[in-house]
Ligand code: HEM
């Protein structure tokens, strides 16, 4: 028998019906994959018009938005795909936690997924900076000064990002290169690996026959039916993406070069929405604590979750399983904290 190709690997001839149930995974992993691919499809044409220099970046975004044919649509699609990826990827993480799907043998894939989501956040942040308007310039200034606070490697990281002692052309080129290559290619590779591992780990998590209420041979669905279901979810996702892009424009403030001092008005520094919770922390705590220590603790807690907070290998695919209570409570507290701090900044 010939080796299955990547598509066949992800879609074996039959799979258990329970694994394919929409109400188990909500299609969140697949939707995230589609959103990432949409980012590549819409991002490459934007590269033909974007000019990565400090003087021209802001203007070239205006050219894309107001002059280039369908540039506004491509930019809106790119913006919304990025926002939805962060949102849907995070919901997927919650699904994995509350259904106990991170337990052995899926612990390594938990790490791959987490790394892909973290790099996706940095990818989104680097794209946000490329807008090069007064809002994103404010976020850049705050961001690089936080990075500088990192113990031991702060100055080196600052230099790596800024490309010199102050923000200049080199900064735009660096963010542009990180965005279009340095982060997007690793995320693409990680997601391919992550999807590949799902089948390597025995398919989407399922209850073992002993814990299942029905010990008879579970029903299965064919590859054909699986692809049909994926097709429906894909079309619905694309419909939502297009509706958002057609009716809600991606934000755009004045270009940096249109104001004499782009660092004025910093009291309302506009961090991107997914980092607003850190902006709230920055208002009340020292930068090292708010920008480095607390986010690092959150990441570390998530990374070690299947080793430290729930080492059991029972309760897989059981919603809110008892063995995983501690992990569920910790993740719930982290999620509630991030949501509350975000809303506080939004409405504050
Ligand atoms: C960043 C974007 C991500 C994409 C595109 C993605 C994609 C996928 C896909 C397609 C699946 C299989 C079906 C499904 O569950 O919907 C999956 C499963 C899985 N993902 Fe992700 N994922 C992402 C992020 C994450 C994150 C942040 C984590 C956890 C920290 C994670 C952990 C897992 C695990 C453990 C599985 C196996 C779940 C199971 O077997 O039930 N993924 N992922």
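Only the coordinates and a few stated rules stand behind these numbers; no lab work does. In this text the structure is predicted, and so the values were computed from the model without any measurement. Don't worry about glycine lacking a Cβ; one is built from the backbone with ideal geometry, like all the others, and counts go over all protein chains shown.
Sorted ascending by nearby beta carbons within 10 Å, beginning with the fewest, 148, 131 become 148, 131.
Once the Cα atoms are used to define both axes, helix 134-148 deviates from the longest principal axis of the chain by about 70 degrees.
With R₀ set to 35 Å, the beta-carbon distance separating residue 234 from residue 51 gives a calculated FRET efficiency near 0.55.
When 1/r is averaged over all different Cα pairs and the result inverted, which Kirkwood radius in Å belongs to the chain?
After inverting the pairwise mean of 1/r, the radius is 22.0 Å.
Let me have the relative contact order for the range 145-184, percent, based on Cα pairs under 8 Å that are six or more residues apart.
Dividing the mean separation by the residue count of the range 145-184 yields 22 percent.
Counting alpha carbon pairs within less than 8 Å and at least 6 residues apart, what relative contact order, in whole percent, applies to the range 1-149?
Once normalised by length, the contact order is 24 percent.
Taking the C-alpha atoms only, the angle from helix 223-247 to the longest principal axis of the chain is near 20 degrees.
Annotation: the residues 347, 156, 273, sorted from fewest to most other C-beta atoms within 10 Å of their own C-beta, follow the order 347, 156, 273.
Listed by Cβ neighbour count within 10 Å, with the fewest neighbours leading, 234, 47 appear as 47, 234. For the chain, the longest principal axis of the alpha carbon atoms and the long axis of helix 28-47 meet at an angle near 30°. Rounded to the nearest 500, the helix-only mean residue ellipticity at 222 nm of the chain stands at -19000 deg cm²/dmol, with each DSSP H run of n ≥ 4 adding -39,500 (n - 2.57). Contact order normalised by length for the chain, with contacts defined as Cα pairs under 8 Å and 6 or more residues apart; what percent is it? That works out to 29 percent. Pop out the Kirkwood hydrodynamic radius of the range 1-50 from its pairwise C-alpha distances, inverse of mean 1/r, in Å to one decimal. This gives a value of 13.7 Å.
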